[in-house]
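Heads up: the structure comes next, in structure tokens.
The values are calculated or read from the model by the stated rules, or taken from the named source; none is laboratory data. Predicted model, so just to flag it, every value in this text is computed and none were measured. FYI the Cβ positions are ideal-geometry reconstructions off the backbone, even for glycines, and counts take in every protein chain you see.
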Amino acid sequence: LRGGLSQGERVLELFPSTLHRIRLMNLSPNGGELERHTDQVDPDIGVKNGNVMRFHFPLATNEDVLFTTWQVDGTKKTIHMKEGECWYLDIRKPHSAVNNGTTDRIHLVVDVEANDKIRELIDGASNRVF
């Protein structure tokens with residue numbers, strides 16, 4: 001790339017771990033929705049060493065994009081992920097997303113191998129962690 005690393009490449013260098021899957025995920029405007037689901041189809045998901053953890057980086061969003069997750073006890077939490085934030089998502093728990101805005105929601109989604117350093121990053125994070 002001309003001029004050095006792109007912003008996305010710089011983000012990826014921050015992970016002290018092996019990268020597994022990197023993708024851009026779009027949620028269309030005007031009611032685009034990911035219905036409530038879990039991502040337990042991959043038996044390697046989790047926070048134990050060697051398992052895969054998923055991080056979301058909102059690149060483009062709007063105030064009307066909402067993400068909801070349900071805890072084991074059935075309580076739910078709904079939030080708006082803002083551009084420039086990083087979110088760890090425990091995708092083994094039920095979750096959904098809806099875009100009721102008029103612009104696309106685009107996230108950089110990064111799956112990384114769990115290790116002590118990755119867990120330390122999460123433990124030291126603010127309340128933007130599920």
Exercise. Taking the residues in region 76-124 that are of a type in the set (Gly, Ala, Ser) and within 14 Å of the chain's Cα centre (by Cα) as candidates, determine which candidate is modelled with the lowest pLDDT.
Key: 84
Practice problem: Check residue 77 against each of (1) surrounded by 12 or more Cβ atoms within 10 Å (Cβ to Cβ); (2) part of a strand (DSSP E or B) and name the one condition it does not meet. | Solution: (1)
Quiz item: Can you name the residue in region 38-94 that is polar (S, T, N, Q) and without any contact (Cβ under 8 Å) to a residue 24 or more places away in the chain and is also farthest from residue 9 (Cα to Cα) among such residues?
Solution: 75
Quiz prompt | The lone exception for residue 33 - which of (1) within 26 Å of residue 123 (Cβ to Cβ); (2) in a strand (DSSP E or B); (3) in contact with a Leu (Cβ under 9 Å, 6 or more places away or on another chain) it fails | solution = (1)
